[in-house]
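One structure below.
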Amino acid sequence: MGTVTRGTTNPNRLRRMDRWIAATHGAALRRAEDPVAVDLGYGAAPWTAVELLARLRTVAPRVRVVGVEIEPARVAAAKPYEREGLVFRHGGFEIPVAQRPVLVRAANVLRQYDEGEVAEVWARICARLAPGGLLVEGTCDEVGRRHVWVALGAEGARTVTFATRLGSLGQPSDLAERLPKALIHRNVPGEPVHAFLRDFDRAWAAAAPYASYGARQRWMRAVRDLTADWPVTDGPARWRQGEVTVAWEALAPRGR
Ligand SMILES: C[S@@+](CC[C@H](N)C(=O)[O-])C[C@H]1O[C@@H](n2cnc3c(N)ncnc32)[C@H](O)[C@@H]1O
């Protein structure tokens, strides 16, 4: 279910997303009786699935990863990389896996669909999740320096995470070009995500004196300021990594 799109991928591209998943969802994967994670739309090469397995195993040693791709030649190309805990399957949003996955990660997949298709795809995937399962859906640049993703549970969207390599950041709104499909067309005046990025840029500018201690200190100060007006759901341990997570309702498009 879905359509074949460009297969662009890169080794280590999704490291920020992998680390966040391991930190925030590791306990659920550890607890699960049958901890299956799906890398949906892994692309022209299987690197992101191989890396997801390695990173999740550090926090949940019994986890298994299923790479799912809608383009059959990409499945055939990935097969030689199967190993204990990692298989590749042909399929789409229906997720052709017998078990209910505890995690579905879809990176750089929905960006090539229409905005109007997102809600239905989210609902379809969330309906397949195991109890306590998580869908992480988002977008990043080709080398994974700028990343924005939405995390969803069975009940729907929960949070939006912005993650960046701080050394290469001009200002927080640089991340706007990597907003996931549900938000990218909403970065216009009058929409919450636009107001959020405007406030983030202001907080970043106000935190300029902290730049002499490094971009990390500046980011942490700017995020701390943002917490006065925006429902930031994480804390300094994540901010230190160049991340910030905000409740979905605060950024959701108007009129939803
Ligand atoms: C741009 S690549 C992303 C690869 C990798 N996830 C990454 O971030 O580097 C998108 C891939 O998603 C696949 N795709 C698109 N729609 C899909 C669907 N409904 N189910 C499974 N794969 C899909 C495309 O065929 C393509 O290979």
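Quick one: of the DSSP bridges fully inside the chain, what percent are antiparallel, nearest 5? Before the final figure, lay out the partial values.
Details: 21 of 40 bridges.
If we restrict to bridges inside the chain, about 50 percent are antiparallel.
How many angstrom lie between the Cα centre of the stretch 171-210 and the Cα centre of the stretch 236-252? Their Cα centres are 12 Å away from one another.
Show that you can apply the helix-only estimate: for the chain, add -39,500 (n - 2.57) for every DSSP H stretch of four or more residues, divide by all residues, and state [θ] at 222 nm to the nearest 500. Can you show the working numbers first?
Working: 9 runs with 83 residues, N = 256.
Dividing the helical sum by the residues of the chain leaves -9000 deg cm²/dmol.
Can you give the angle from 0 to 90° between the axis of helix 15-31 and the longest principal axis of the chain, with both taken from C-alpha atoms, to the nearest 10? Roughly 60 degrees between the two axes.
Simple spin-label estimate for Ala73 and Ala23 gives 3.9 nm between the two label positions (7 Å along the Cα-to-Cβ direction from each Cα). The phi-based Karplus calculation (6.51 cos²θ - 1.76 cosθ + 1.60; θ = phi - 60°) puts the 3J(HN,Hα) values of the stretch 91-99 at x, x, 5, 5, 6, x, 10, 5, 7 Hz, whole numbers, x for Gly and Pro.
From the Cα gyration tensor of the stretch 1-158, with a ≥ b ≥ c the square roots of its eigenvalues, which class applies: rounded if a/c is under 1.5, or else prolate if a/b is larger than b/c, or else oblate?
rounded
Compared with the dominant Cα axis of the chain, that is its longest principal axis, helix 47-57 is turned about 80°.
Please work out the Kirkwood hydrodynamic radius for the stretch 91-162, using every pair of different C-alpha atoms, and report it in angstroms with one decimal place.
Working: mean 1/r = 0.0793 Å⁻¹.
Value: 12.6 Å, from the Cα pair sum.
Cα centroid distance between the stretch 88-139 and the stretch 43-63, in Å? The stretch 88-139 and the stretch 43-63 have Cα centres separated by 17 Å. Computed from Cα positions, the angle between helix 215-226 and the longest principal axis of the chain comes to roughly 80 degrees. Here the Karplus relation 6.51 cos²θ - 1.76 cosθ + 1.60, evaluated at θ = phi - 60°, turns the backbone of the stretch 60-71 into coupling constants of 9, x, 8, 5, 10, 10, 10, x, 10, 9, 8, 9 Hz, with x for every Gly and Pro. With the simple spin-label model, which puts each label point 7 Å out from Cα in the Cβ direction, the Val4 to Asp34 separation comes to 3.1 nm. For the stretch 1-159, the relative contact order comes to 24 percent (Cα pairs under 8 Å, sequence separation of at least 6). The calculated FRET efficiency for Glu120 paired with Ala208, based on their beta-carbon distance and R0 = 35 Å, is about 0.20.
Mind running the shape call on the stretch 100-253? Use the C-alpha gyration tensor, a ≥ b ≥ c as the square roots of the eigenvalues: rounded below 1.5 for a/c, prolate if a/b tops b/c, oblate otherwise. The shape class here is prolate.
Among Val160, Val38, Val97, the largest mean-square fluctuation in a Gaussian network model of the chain (Cα springs under 10 Å) belongs to Val97.
Taken together, the values in this text are just the output of simple stated rules run on the coordinates, not laboratory data. Small disclaimer: the values here were computed from a predicted structure and weren't measured. Methodologically, a virtual Cβ is constructed for each residue, glycine included, from the backbone with ideal geometry; neighbour enumeration extends over all protein chains shown.
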